[in-house]
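The structure under discussion appears below in the form of structure tokens.
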Number of protein chains: 2
Amino acid sequence: MNSNKKIRVVQWGLGAMGRGMAQLITTKEGLELVGAIDVNPALDGKDVGEVLGVDPLDVKVTTDPSSILDSSKVDVVTIATTSWVKNQIDDLSTILSAGVNVVSIAEEMSAPEAQNPELAEKLDDLAKANGVSIVGVGVNPGFVLDHLVVALTSGSQQVTKVEARRVNDLAPYGETVLRTQGVGTTPEEFEAGVADGSIVGHVGFPESVRLISDALGLGVDCVEQHVEPIIAKVARQARDRVIEPGRVAGCNHTAVGRRGDEEVIRLIHPQQVDPGAEGTETGDYITISGVPEISMCIQPEIAGGKATAGICVNTIPRIFAATPGLKRVIDLPSPSALMGPSAYERR
Amino acid sequence: MNSNKKIRVVQWGLGAMGRGMAQLITTKEGLELVGAIDVNPALDGKDVGEVLGVDPLDVKVTTDPSSILDSSKVDVVTIATTSWVKNQIDDLSTILSAGVNVVSIAEEMSAPEAQNPELAEKLDDLAKANGVSIVGVGVNPGFVLDHLVVALTSGSQQVTKVEARRVNDLAPYGETVLRTQGVGTTPEEFEAGVADGSIVGHVGFPESVRLISDALGLGVDCVEQHVEPIIAKVARQARDRVIEPGRVAGCNHTAVGRRGDEEVIRLIHPQQVDPGAEGTETGDYITISGVPEISMCIQPEIAGGKATAGICVNTIPRIFAATPGLKRVIDLPSPSALMGPSAYERR
């Protein structure tokens, strides 16, 4: 580590989530934001503080990763550019090849072997060859519907089935999120959108199922997913519009993990605008059937945007201390809030 | 690891909890129970299966640890003999010196540096000198009021205060537990029992506070504990007796962790017989103040005896794979239910 013992971090991607992560990094006494990368030429050379809307940080944005990825000056890159491994593999390879550790919030990176086994192997090989480590995290996948499930089974003698459900409210979210959940469409448009791939529902179920199955050894050999529209029965209030009754208020996405014919994991994630209008409370719910039986609820649900930026930053000391290779959140000591110097020293 | 790739375990201590652990070990396909140790001469040479009340296991109990602790034949010892580090230090030293890893359920071992810093350092040195690792776990401390709190902050940007409360029912427990909680005493007898040390309440609060403070970096520099009697207002039903109104039904034990003048951790653990008789539901409750706010409940509470045996056995692959030294549950990947071979292979 460098002489002042702070972990030196570069933020790659300055969209809404990346800016939140950069901002959070600047508040942590054990971390130092030493650079930022974005594809947007309008940001090139700007002070990161200006981009974040805070005081100047004396750290510039660059559009050229090679100008900043020097392992003698950078310990970890946090990257927020896409949900998909195949769209991030080149950038991840660039970082690892430079001898720098990575925390990604790409949903598929939480367990890249689930849907991209060859790319996962490539990342593992590249990380090991360069003596660094890489992990994907986020609120979901990476925390509520997988890592938290795993942690709840810490004392379980037997687990026969896991069911986890996350009910959230899309009202605060912008156009991109609403569109990919089909909010505001007619039921027919929703069906067409699912068919043509423009309505995707939740990204990350195969990864969450894989994390739970691998950690517990449940032996899931088949994952099925199902999406259906949530039709508004009453008017629902989004950030900038009203969803009228009869229109789609969101997408109910379910994944089932089976071992042979037996259902051992069921994950349920209805994402909709203003569920309270129809009396549905938001929350995170986990039921573990086995010995002992466990029934957990968190109400309201753990705030998604804040927790994704949070877990990414909280994982920085974990990946910095990890042995080389591709890791999942279940392979590392649990991330936890970084509130003081001892949280870094003891890791 | 030995050729059949099972982790070879010796159970030390065959009281109620140790027998439950031994029994559980025999059900796990990645583990092999290869021996048992107990001080009771009446058990010496008996088949462990006979002691457990199951079919013969072709594994004998011995009263002589040195006859069985051979690092070429044993990978891990699980030990259940006492709550206190000072009463276990000689046995732990014997195991480590033999080059064997340890999982202890002694409450103080979950964070031995909290109250026994010199012994913790000795254990760390001895483990490192022998290339093995040692950890303490249990339902509490070691899981519900500390490790689970830490895992819940995985995505937290800020944590200003943690409050965790575990409300359980002592009705299933035997005489020893009831006596140490003061059940059945008069209020005056309770006060005298606390003063003379015969009524201890919960063992493990300084350790839980230490685990949370260290993981999050909360900087707790003072831990205060408080015990008070829970007086029955109506008759309460214990396993073998009734607690009459006016008598003590249990002990409400509280710990507060402060950083300077600021309270940052509050742990509350009322242990009583039949709380339902007065309308109190059992459960585990965790509130994390910060960004985001988190309010979790588990009802009923995670069953204590089952979860202590469970987390001890689930931690075996974790400590077997750990780097040498003294560990806490927060230093390792989360324990999780062991339900199949992949749960061992991936660790």
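Please list, ordered by first then second residue, the pairs with beta carbon atoms under 8 Å, 6 or more apart or interchain, first in region B:42-59 and assigned to a loop (DSSP other than H, G, I, E, B), second open to solvent by 50 Å² or more (accessible area, probe 1.4 Å).
Within 8 Å, the pairs are B:Asp44/B:Thr63; B:Gly45/B:Lys60; B:Lys46/B:Lys60; B:Val54/B:Gln23; B:Val54/B:Thr26; B:Pro56/B:Glu50; B:Leu57/B:Thr26.
Pull out all pairs, ordered by first then second residue, where Cβ-Cβ is under 6 Å, the residues are six or more apart or on different chains, the first lies in region A:171-187 and is in contact (Cβ under 8 Å) with a residue 12 or more places away in the chain, and the second is buried (at least 21 other Cβ atoms within 10 Å of the Cβ) and among the β-branched types (Val, Ile, Thr).
A:Ala171/A:Val273; A:Gly182/A:Ile199; A:Gly182/A:Val248; A:Val183/A:Val273; A:Gly184/A:Ile243; A:Thr185/A:Val248
Just the residues that are in contact with an Asp or Glu (Cβ under 6 Å, 6 or more places away or on another chain) and more than 10 Å from chain B (Cβ to nearest Cβ), please, taken from region A:276-288.
A:Thr282, A:Thr287, listed by residue number.
Tell me yes or no: at least one residue of region B:158-167 is open to solvent by 20 Å² or more (accessible area, probe 1.4 Å) and away from chain A (no Cβ under 13 Å).
Yes - at least one qualifying residue is present in region B:158-167.
Scan region A:211-222 and tell me whether some residue there is of a type in the set (Val, Ile, Thr), outside the structural domain of A:Met17 (by the TED database), outside any loop (DSSP other than H, G, I, E, B) and surrounded by fewer than 20 Cβ atoms within 10 Å (Cβ to Cβ).
no
What number of residues within region B:46-71 satisfy the criterion of being acidic (Asp, Glu) and either open to solvent by 70 Å² or more (accessible area, probe 1.4 Å) or in contact with a Cys (Cβ under 9 Å, 6 or more places away or on another chain) (or both)?
3
Restricting to region B:230-250, what's the tally of residues that are open to solvent by 40 Å² or more (accessible area, probe 1.4 Å) and β-branched (Val, Ile, Thr)?
Here the count works out to 3.
Which condition number does B:Leu126 fail, the rest of (1) open to solvent by 20 Å² or more (accessible area, probe 1.4 Å); (2) over 28 Å from B:Gly15 (Cα atoms); (3) among the aliphatic types (A, V, I, L, M); (4) touching a Leu at 6+ places or on another chain (Cβ under 6 Å) being met?
All conditions are met except number (2).
Could you please tell me which pairs satisfy a Cβ distance under 7 Å, a separation of 6+ or placement on different chains, a first residue in region B:188-211 that is closer than 17 Å to B:Gln272 by Cα, and a second residue that is open to solvent by less than 20 Å² (accessible area, probe 1.4 Å) and β-branched (Val, Ile, Thr)?
B:Phe190/B:Ile199; B:Phe190/B:Val248; B:Gly193/B:Ile199
Look through B:Val291, B:Val329, B:Val264, B:Val273 and report the one residue that is away from chain A (no Cβ under 12 Å) and at pLDDT 95 or above.
On inspection, the qualifying residue turns out to be B:Val273.
Going by what's in this entry, would B:Asn40 be described as at pLDDT below 95 and either more than 21 Å from the chain's Cα centre (by Cα) or surrounded by 13 or more Cβ atoms within 10 Å (Cβ to Cβ) (or both)?
When the stated conditions are applied, B:Asn40 does not pass them.
How about region B:91-108: which of its residues are open to solvent by 10 Å² or more (accessible area, probe 1.4 Å), hydrophobic (A, V, I, L, M, F, W, C) and over 19 Å from the mean Cα position of the chain (by Cα)?
Hit for region B:91-108 is B:Ala98, nothing else.
Residue-wise test of (1) at pLDDT 95 or above; (2) in a helix (DSSP H, G or I); (3) closer than 21 Å to B:Ile302 by Cα.
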site	(1), (2), (3)
B:Val102	yes, no, no
B:Glu118	yes, yes, no
B:Ile134	yes, no, no
B:Val139	yes, no, yes
B:Leu148	yes, yes, yes
B:Ala151	yes, yes, yes
B:Asn168	yes, no, yes
B:Arg179	no, yes, no
B:Val203	yes, no, yes
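Collect the residues in region A:249-261 that are within 14 Å of another protein chain (Cβ to nearest Cβ) and either among the acidic types (Asp, Glu) or on the phi > 0 side of the Ramachandran plot (or both), keeping them in residue-number order.
A:Gly260 - this is the single residue of region A:249-261 that is within 14 Å of another protein chain (Cβ to nearest Cβ) and either among the acidic types (Asp, Glu) or on the phi > 0 side of the Ramachandran plot (or both).
Mind checking which residues of region B:99-128 are without any contact (Cβ under 8 Å) to a residue 12 or more places away in the chain and not acidic (Asp, Glu)?
Listed by number, the list holds a single entry, B:Pro117.
Among the residues of region A:140-147, is any more than 14 Å from chain B (Cβ to nearest Cβ) and open to solvent by less than 10 Å² (accessible area, probe 1.4 Å)?
Checked against the condition, which is being more than 14 Å from chain B (Cβ to nearest Cβ) and open to solvent by less than 10 Å² (accessible area, probe 1.4 Å), region A:140-147 yields no hits at all.
Given the criterion at the interface with another protein chain (Cβ under 7 Å from one of its Cβ atoms) and in contact (Cβ under 8 Å) with a residue 24 or more places away in the chain, identify the matching residue among A:Ala321, A:Ala309.
When all the criteria are applied, what remains is A:Ala309.
I'd like the full set of residues that are over 22 Å from A:Ser72 (Cβ atoms), within 14 Å of chain B (Cβ to nearest Cβ) and open to solvent by less than 10 Å² (accessible area, probe 1.4 Å), limited to region A:3-21.
The one that is over 22 Å from A:Ser72 (Cβ atoms), within 14 Å of chain B (Cβ to nearest Cβ) and open to solvent by less than 10 Å² (accessible area, probe 1.4 Å): A:Met21.
Quickly run through region B:147-171 and pick out the residues that are over 18 Å from B:Asn252 (Cα atoms) and not hydroxyl-bearing (Ser, Thr, Tyr).
B:His147, B:Leu148, B:Val149, B:Val150, B:Ala151, B:Leu152, B:Gly155, B:Gln157, B:Gln158, B:Val159, B:Lys161, B:Val162
List pairs: first in region B:212-226 and at the interface with another protein chain (Cβ under 7 Å from one of its Cβ atoms), second open to solvent by 50 Å² or more (accessible area, probe 1.4 Å), Cβ under 6 Å, 6+ apart or cross-chain?
As it stands, the answer is B:Asp214/A:Arg346; B:Leu216/A:Met339; B:Gly217/A:Met339; B:Leu218/A:Met339; B:Gly219/B:Arg259, since those pairs meet every condition given.
The values are calculated or read from the model by the stated rules, or taken from the named source; none is laboratory data. Because the structure is predicted, anything quoted here is derived from the model rather than measured. For neighbour counting, all protein chains shown are included, and Cβ atoms are generated from backbone atoms with ideal geometry for every residue, glycine included. Protein only, heavy atoms only, side chains kept; ligands, DNA and RNA dropped before computing areas. Shrake-Rupley method; radii C 1.70, N 1.55, O 1.52, S 1.80 Å.
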